[in-house]
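The values are calculated or read from the model by the stated rules, or taken from the named source; none is laboratory data. Predicted model only: the values in this text are computed from it and were never measured. When we count neighbours, we look across all protein chains shown, and the Cβ atoms used for this are built from the backbone with ideal geometry, even at glycine.
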Amino acid sequence: MTNQNVVVPNARKGVDITITMALSKSLFSPVVPKPLPAAPGGYFTISRKMFAKKTETGGKTNSWADSMRDSSPTRVKSTTSLSEIEEKNTWIVNHPSALNMFEQIVNGSKGKQIVMFLDYDGTLSPIVEDPDRAFMTNEMREAVRDVARYFPTAIVTGRCRDKVYSFVRLAGLYYAGSHGMDIKGPSKNCCINKKDYQGVLFQPASDFLPMIDEVYNALLERTKYIPGARVEDNKFCISVHFRCVEEKMWAALVEQVRSVLNGYPKLRLTQGRKVLEIRPTIKWDKAKLLSSCWNH
């Protein structure tokens, strides 16, 4: 996620626990942060360089495979020009931790509405080989529950909203699945503006559902011959996981995915951590969701 918002420390001990567990956390020595600039609209954010890379759907297969290698943090690099400490420092610069500038954030939050936006995979749960087993711990669940008692809290993920809810199992939160294209919340006081019988619902890509279903079935067929490949239906987008695919097969996997998408110009292909993602070409994503929420 490109924006992180944190809570002040004087609400309750559980709030501090959530800050420690849920925010992007550095395991390395802290760096001296620069002063936070004033943000427009009465709120502030901490920007971080997004790990996910975007590559044009029509790009060359080899370019995609190279990008997939670059975005694989567990891959051993063939050459290493930096020492271990330098590598850690470089990582910290590109992935700043809110914990290292907590006092500045607290000072900047005075008089402002605090809202908590949390990713799921890699934030509330570990990154695992089987996406169906990305379970959060009971301690993490209690920490999120504590924060939600004091501040509006949203889970924003590329996953299917129902799947993430089955992992989190907390009422009273906003759940934004499919990169913000499938949102349900407990009230009408955010960016969500359509009620169903259980809460508030917003689905800006509903017209794409038949197309997404077609592509999902086609990808299941095309990728079944590639060992380790896994296709996940996230309702309004599709994930093709290659975490368990041998590197020598990555180019073949990309070729199969692109061959399916050639017949669907209204869908685009992007890349995340060991995953290829297919989503509608509408002007809506996690960043748009956060911006819309702040403006309402």
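So how many residues does segment 224-283 have that are of a type in the set (Asp, Glu), in contact (Cβ under 8 Å) with a residue 24 or more places away in the chain and over 24 Å from residue 184 (Cβ atoms)?
Final tally of qualifying residues: 2.
Take residue 170 and decide whether it is at pLDDT 90 or above and closer than 24 Å to residue 141 by Cα.
Criteria met by residue 170.
Could you list all residues from segment 133-144 that are in contact (Cβ under 8 Å) with a residue 60 or more places away in the chain and within 28 Å of residue 237 (Cα to Cα)?
As a first pass, look at segment 133-144 and keep what is in contact (Cβ under 8 Å) with a residue 60 or more places away in the chain: 139-140, 142-144.
Within segment 133-144, 140, 144 meet the criteria.
Take the residues in segment 259-296 that are surrounded by fewer than 19 Cβ atoms within 10 Å (Cβ to Cβ) and β-branched (Val, Ile, Thr); name whichever of them is modelled with the highest pLDDT.
281
Step by step: first the residues of segment 62-73, then only those that are under 25 Å from the mean Cα position of the chain (by Cα) and either part of a helix (DSSP H, G or I) or at pLDDT 85 or above (or both), then the one that is nearest to residue 261 (Cα to Cα). Which residue is that?
Among residues in segment 62-73 that are under 25 Å from the mean Cα position of the chain (by Cα) and either part of a helix (DSSP H, G or I) or at pLDDT 85 or above (or both), the one nearest to residue 261 (Cα to Cα) is 64.
Considering each residue of segment 220-256, count those that are farther than 24 Å from residue 206 by Cβ, not hydroxyl-bearing (Ser, Thr, Tyr) and not in a loop (DSSP other than H, G, I, E, B), and give that number.
Going through segment 220-256 one residue at a time, the tally reaches 14.
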